[in-house]
Amino acid sequence: MTNLLFPDGFIWGAATSAYQIEGAVHADGRGASIWDRFSHTPGKTRDGHTGDVACDHYYRYLEDVALMAKLGLKAYRFSVAWPRILPHGRGAVNQPGLDFYKRLVEALLAHDITPYATLYHWDLPVALQDAGGWPQRDTAAAFAEYAGVVAEALGDRVRHWITINEPWCISFLSHQLGEHAPGMQDWPAALAASHHALLAHGMGMQAIRAAAPGAEVGIALNFTAAVPASNTPADREAARHFDGHYNRWFLDAVAGHGYPADIVADYSAAGYLPDNMAFVQPGDLALIAAPNDFFAFNYYTREVVAAGSQPWNYQVVRPTTPRTEMGWEIYPEGLYKILLRLHSHYAMPRIIISENGASYLDPLSADGHVHDHGRIAYMRQHLVACHRAISAGVPLTGFFYWSLLDNFEWAFGYHQRFGLIHVDYATQQRYPKDSFLWYRELIAGNGLAGG
Ligand code: IFM
């Protein structure tokens, strides 16, 4: 039996993002984002699903905060929708948009739930996309303006900020693979976007700290553990590249090591850097590497990679191990290893897991229950990995389950369910799942004795 007691004051949280839950896309002066446009473009999301209504959280936030209180959450990570605040991306501030987040934060504080506000979780205002979007350097400057506006308005009540969520997704998933908005397939644009998303983080941190002195700020990177399919030099070379592309590209830059030279060389050899990293201007790397108050990351799975004809042509191998509904392998060992690596190699002084969770489609029973044993097992295994890491000296201080509610899972629409709370989208009724009750017990006991 594993003893799963966590350090006193451990931050037990849950996370969501604006476009995935809020709905109300035309309410109170909100502008359009690239996800409004993308999801309304035929063929981009499963069954043409959009976030137009989502979980209707914009109107039901009080009910949702009451559920958070029932769960005993210590902290809630939400994102602010940039187009609610600056409908055209820059310039005139839309006060009703700010007021919504003020009301949300007040409700959280009234229940002793610490707000963690993410400023960018992928809903770029379309006006900025039309001016070039993330491949354009100016988007980072626009982000810093926006960050300053929000921090100025909420900074007396919100002390914890995450600038940018998952820059890998913002750049490569969205500009090279084309699976997310804006749906581009262009390596040089994706690489420029990756740099500008990190630059936005650096500039945004400055803006937040200027507007809200004493605020604690970080970025949320997403990591995928990379494991070679065999011990052959060629497979290990493929895993090196995969790890560099998904993880080190962002991590090394944020940690002050600059972009990894081996990956720059791989991208150059592949012809992906025609301008030879000209997007990196003097001073950028120092801005990107400015110390964060905490280091946050999201973890879900690993990939097993085998050699291709070149490191960047690696192949993903699919072992027949258990997977979640997303098809993502359940691999808690990867979380443990990443935590140790952040500690031993990068000496991160304070670490937070800003997302970890699993999609399962367990049905709602006639009596209003969802018996989501798979999710509970996933959570338990990943929390055991966290606990092992803490015992090994890793300064892990918080864990945010993804997600509080079932919600709009981007290109998968509503066909994936990550929530602790089942949402019946036809009625907008919320039903806490068994995992909600399990997590509630865990939070109340600050872990599980004999867990
Ligand atoms: O739903 C997403 C979230 O928006 C970002 N991180 C991964 C989650 C699951 O895919």
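Check whether at least one residue in region 361-369 is among the aliphatic types (A, V, I, L, M) and farther than 30 Å from PHE38 by Cβ, and report yes or no.
Kept after step one, since they are among the aliphatic types (A, V, I, L, M), are these residues of region 361-369: 361, 364, 366.
Right, trim to farther than 30 Å from PHE38 by Cβ and you get 366.
Yes, region 361-369 has at least one match.
Of the residues that sit in region 280-318 and are in a strand (DSSP E or B) and of a type in the set (S, T, N, Q), which one is farthest from ILE351 (Cα to Cα)? Checked region 280-318; the qualifying residue farthest from ILE351 (Cα to Cα) is GLN315. Total residues in region 419-447 satisfying the condition of being out of contact with any Phe, Trp or Tyr (no Cβ under 9 Å at 6 or more places or on another chain) and part of a strand (DSSP E or B): the figure is 4. Got at least one residue in region 356-364 being away from the ligand (no atom under 16 Å from the Cβ) and surrounded by fewer than 17 Cβ atoms within 10 Å (Cβ to Cβ)? Yes; the residues of region 356-364 include at least one that is away from the ligand (no atom under 16 Å from the Cβ) and surrounded by fewer than 17 Cβ atoms within 10 Å (Cβ to Cβ). Residues being touching a Phe, Trp or Tyr at 6+ places or on another chain (Cβ under 6 Å), closer than 23 Å to ILE263 by Cα and within 16 Å of the ligand (Cβ to nearest atom): count how many of those fall in region 301-332. Total satisfying the criteria: 2.
Here GLY148 clears all of (1) in a helix (DSSP H, G or I); (2) under 17 Å from GLY89 (Cβ atoms); (3) within 16 Å of the ligand (Cβ to nearest atom) except the condition numbered (3).
Working only within region 167-207, note down all residues that are under 18 Å from ALA290 (Cα atoms) and either touching a strand residue (DSSP E or B) at 6+ places or on another chain (Cβ under 8 Å) or in a loop (DSSP other than H, G, I, E, B) (or both).
PRO167, ALA197, LEU198, ALA200, HIS201, GLY204, MET205
Out of all the residues in region 400-411, is one or more of a type outside the set (A, V, I, L, M, F, W, C) and away from the ligand (no atom under 16 Å from the Cβ)? Within region 400-411, none of the residues are of a type outside the set (A, V, I, L, M, F, W, C) and away from the ligand (no atom under 16 Å from the Cβ). Taking region 1-33 as the range and being within 16 Å of ALA54 (Cβ to Cβ) and within 16 Å of the ligand (Cβ to nearest atom) as the test, the residues that pass are ALA15, THR16, SER17, ALA18, TYR19, GLN20, ILE21, GLU22, GLY23, SER33.
Among the small types (Gly, Ala, Ser), within 16 Å of the ligand (Cβ to nearest atom), at negative phi and modelled with pLDDT of 95 or more: does that describe ALA210? No: the conditions fail for ALA210.
For region 387-399, filtered to residues that are hydrophobic (A, V, I, L, M, F, W, C) and away from the ligand (no atom under 16 Å from the Cβ), the residue that is farthest from ASN165 (Cα to Cα) is ALA392.
Scanning region 178-204 for residues that are within 14 Å of the ligand (Cβ to nearest atom) and out of contact with any Phe, Trp or Tyr (no Cβ under 7 Å at 6 or more places or on another chain) turns up just one, GLU179. A residue that is out of contact with any helix residue (DSSP H, G or I) (no Cβ under 7 Å at 6 or more places or on another chain) and in a strand (DSSP E or B) occurs somewhere in region 97-114.
For beta carbons closer than 9 Å, sequence separation of 6+ or different chains, a first residue in region 237-263 that is over 10 Å from VAL305 (Cα atoms) and in a loop (DSSP other than H, G, I, E, B) and a second that is of a type in the set (D, E, K, R) and modelled with pLDDT of 95 or more, the qualifying pairs are HIS257/ARG248; GLY258/ASP252; TYR259/ARG248; TYR259/ASP252; PRO260/ARG248; PRO260/ASP252. Just one of the listed residues (HIS111, HIS88, HIS160, HIS121) is touching a strand residue (DSSP E or B) at 6+ places or on another chain (Cβ under 7 Å), surrounded by fewer than 21 Cβ atoms within 10 Å (Cβ to Cβ) and not aliphatic (A, V, I, L, M), and it is HIS88. When ILE421 is tested against (1) among the hydrophobic types (A, V, I, L, M, F, W, C); (2) under 15 Å from LEU71 (Cα atoms); (3) away from the ligand (no atom under 16 Å from the Cβ); (4) in contact (Cβ under 8 Å) with a residue 40 or more places away in the chain, just one condition goes unmet, and that condition is (3).
The values are calculated or read from the model by the stated rules, or taken from the named source; none is laboratory data. What you see is a predicted model, and the numbers here were worked out from it, not measured in a lab. In this analysis, Cβ positions are derived from the backbone assuming ideal geometry, glycine residues included, and neighbour counts consider all displayed protein chains.
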